[in-house]
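The values are calculated or read from the model by the stated rules, or taken from the named source; none is laboratory data. Since this is a predicted model, take the numbers as computed values, not measurements. Here the Cβ is made from the backbone with ideal geometry for all residues, glycine too, and neighbour counts use every protein chain on show. Just so you know, the surface numbers come from the protein's heavy atoms only, side chains and all, with ligands and any DNA or RNA stripped out. Shrake-Rupley method; radii C 1.70, N 1.55, O 1.52, S 1.80 Å.
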Amino acid sequence: QVQLVESGGGLVQAGGSLRLSCAASGSTFSINAMGWYRQAPGKQRELVARQGSGGSTNYADSVKGRFTISRDNTKNTVYLQMNSLKPEDTAVYYCNVLSGPVWNSKDYWGQGTQVTVSS
């Protein structure tokens with residue numbers, strides 16, 4: 001019921017910045033939370049940042065102070081501003097949405113966008 005389209009990935013030098021966007025469509029009225037995960041080569045997919053509908057945020061320790069998640073509810077879009085990027089941030093980044101009633105919430109995923117940080 002929710003479709004996600006990601007954009008904004010690319011190649012950047014260490015210390016640089018990127019801004020990822022994820023636009024949701026479909027049954028967006030049911031969205032409870034939006035966030036970002038990433039998966040680096042040889043590693044498990046991990047939470048990067050998540051924001052609830054009430055504005056609460058949760059960040060991975062490795063990105064605190066460098067990444068900022070935000071939402072534009074009028075556009076049903078979530079952003080990830082990534083500053084001071086490090087080579088270890090290199091990964092495929094996935095937009096994630098939690099949608100539906102509390103008794104039947106479901107995760108939806110974007111297609112993934114590659115972020116590569118060169119040293």
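Would you check which residues across the stretch 3-32 are buried (at least 20 other Cβ atoms within 10 Å of the Cβ) and under 17 Å from K75 (Cα atoms) and list them?
Across the stretch 3-32, the qualifying residues are L4, E6, L20, C22, A24, I31.
When residues of the stretch 100-119 are filtered for being open to solvent by less than 20 Å² (accessible area, probe 1.4 Å) and within 18 Å of Q1 (Cα to Cα), how many remain?
Count: 2.
Could you look through the stretch 70-119, keep only residues that are modelled with pLDDT of 95 or more and acidic (D, E), and pick out the one that is nearest to the chain's Cα centre (by Cα)?
Step by step, filter the stretch 70-119, then rank; the result is D89.
Condition check: surrounded by 12 or more Cβ atoms within 10 Å (Cβ to Cβ), in contact with a Gly (Cβ under 8 Å, 6 or more places away or on another chain) and either acidic (D, E) or farther than 16 Å from L4 by Cα (or both). Does S84 satisfy that?
So S84 passes the test.
Looking at the stretch 8-80, what strands (runs of 3 or more DSSP E) fall wholly within it and have at least 1 residues that are hydrophobic (A, V, I, L, M, F, W, C)?
In the stretch 8-80, 10-13, 18-26, 31-39, 46-52, 67-72 are the strands (runs of 3 or more DSSP E) which contain 1 or more residues that are hydrophobic (A, V, I, L, M, F, W, C).
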